[in-house]
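Data first, discussion second: the structure below is written as structure tokens.
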Amino acid sequence: MPSDDTPFLRHLRQCNTAVVPGNRFAFSLGGQPAGWIDPAIADRLEQEGLGSRTEGFALANPADLEALGEKLAQEGFYRSHHELFDVRVDVGQPAIARIDRGALPLFGLVAIGVHMNGLVRKQNGLYLWTGRRARNKRLDPGKLDHLVAGGVPAGHSPAEALLKEAAEEASITPEIAAQAQEVSRIVYALNRPEGLRRDILYCYDLFLPEDFTPEAADGEVESFSLIKLEEAFELVRETDEFKFNVNLVLIDLFLRHGLINPTSPEGQALQRGLAYGLSPASPGKALSPEPV
């Protein structure tokens, strides 16, 4: 049970714990500021001649990043996901490199993901499909999750990644998944065991028929449940049952559907925090400073 009077804002704070530089070191890619190096790989990058703890680190040719990431995985600095992600220096910027998704937090690089609210309209109100993450998941095992969520692989747009994840995670056909509507974009930056997460989430709503039943196709979901939106509201307000970033996407949903008053002081603070992040490391801070 939260102890303060802003139970929803606490989730934003928990997702915006990054302070930079903190104990990290500036990293530039192709001459552009791109991230912050985790101390765990700083000595190794010094050995590669890529900089120092005092001067920061730089990789002149962005195309070399993928091979560097592979080398670090082979040497045991992180566990490879065997999935490449595009690397961009900030929100709205083109991809300039690729690296295994598991290495992104070690470099403090921006990552892009998609989350989809699977919604069902019934006579007695709005319902939300939730998934229970498999107990063997690498991150946040057993937590409640969205019906569909995942990272955006290299070469994919968020919409393309959504179609892929919808099929893999819930057996949603491309024809149905294509009806999802992009509704918002959320940013945050937080410290995690795997490093510095600086994420951009593209959020979607998909209204599903009452007779739809999701089926997990990739083994990443233990079970699915259809719950009233008000029940999801209570879970987010009172607990930490949902995966950390799912809370943010649901808060955005509650604001759009009036469960949280978007014109109240808390509602306005939540909207600003979701759109711009609360951490100075949040993606977009340098390009689109939060309005006063």
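Nearest 10 degrees is fine. How inclined is helix 65-74 to the longest principal axis of the chain, computing both from alpha carbons? Roughly 90 degrees between the two axes.
For the range 6-72, the equivalent ellipsoid built from the Cα gyration tensor has semi-axes of 28, 13, 11 Å, listed from largest to smallest. Rounded to the nearest Hz, the phi-derived 3J(HN,Hα) couplings of the range 267-273 under the Karplus curve 6.51 cos²θ - 1.76 cosθ + 1.60 (θ = phi - 60°) are x, 5, 5, 5, 4, 5, x, where x marks glycine and proline.
For the chain, the per residue solvent-accessible surface stands at 45 Å², with DNA, RNA and ligands left out and a 1.4 Å probe. Overall shape of the range 81-198 was characterised from the C-alpha gyration tensor. The equivalent ellipsoid obtained from it has semi-axes of 26, 17, 14 Å, in decreasing order.
In whole percent, and with a 1.4 Å probe on the protein chains, what portion of the accessible area of the range 126-179 is carbon and sulfur? Spell out each step's value before the answer.
Details: 1200 of 2170 Å².
Carbon and sulfur together cover 55 percent of it.
Dipole check for the range 121-179: with +1 at the C-beta of Lys and Arg, -1 at the C-beta of Asp and Glu, and the Cα centre as origin, the magnitude is about 380 Debye. For the range 177-292, a simple Cβ point-charge model (Lys and Arg +1, Asp and Glu -1, everything else neutral) yields a dipole of about 800 debye relative to the Cα centre. Computed about its Cα centre, the charge dipole of the chain is approximately 520 debye, with only Lys, Arg, Asp and Glu carrying charge at their Cβ. Give me the base-10 log of I(q)/I(0) for the range 191-292 at each q in 0.24 Å⁻¹, Debye formula, one uniform scatterer per Cα, rounded to two decimals. Each listed q maps to, in turn, -1.46. Placing unit charges on each Cβ (+1 for Lys and Arg, -1 for Asp and Glu) gives the chain a dipole about its Cα centre, and among Leu235, Phe25, Leu144 the Cα reaching farthest toward its positive end belongs to Phe25. Relative to the longest principal Cα axis of the chain, at what angle does helix 244-256 sit, 0 to 90 degrees, rounded to 10? It is inclined by approximately 50 degrees. Between the exposed loop cleavage positions of the chain, defined as GluC sites (Glu not before Pro) in a non-H, G, I, E, B DSSP state with at most 12 neighbouring beta-carbon atoms within 10 angstrom, the longest gap is 84-209.
In the chain the Cα-Cα distances spread across 5 Å bins starting at 0 as 1, 5, 12, 16, 18, 16, 13, 9, 6, 3, 1, 0, 0 percent of all pairs.
Rounded to two decimals, the Cα radius of gyration of the range 1-154 over 2.2 N^0.38 Å is 1.26. Checking the Cα-Cα distances for Lys71/Lys243; Lys143/Lys228; Lys243/Lys285; Lys143/Lys164 against a 28 Å cut-off, the pairs over it are Lys71/Lys243. Summarising the label geometry, the points placed 7 Å from Cα in the beta-carbon direction at Glu182 and Ala63 lie 2.9 nm from one another.
Let me check something: with ligands and nucleic acids excluded, how do His82, His156 order by accessible area (1.4 Å probe), largest to smallest?
So, going from the largest accessible area down, we get His82, His156.
With K and R counted +1 and D and E -1, the other residues having a Cβ less than 9 Å from that of Ser184 yield a net charge of 0.
Summing charges over neighbours of Gly51, with a neighbour being any other residue whose Cβ is under 15 Å away from its Cβ, gives -3 when K and R count +1 and D and E count -1. Cα convex hull, the range 153-230: 153 Å³ per residue, rounded to a whole number.
Once the Cα atoms are used to define both axes, helix 158-170 deviates from the longest principal axis of the chain by about 60 degrees.
The values are calculated or read from the model by the stated rules, or taken from the named source; none is laboratory data. Quick caveat: nothing in here was measured; it's all calculated off a predicted structure. Don't worry about glycine lacking a Cβ; one is built from the backbone with ideal geometry, like all the others, and counts go over all protein chains shown. These area figures cover heavy atoms from the full protein model, side chains too; ligands, DNA and RNA do not enter into them. Shrake-Rupley method; radii C 1.70, N 1.55, O 1.52, S 1.80 Å.
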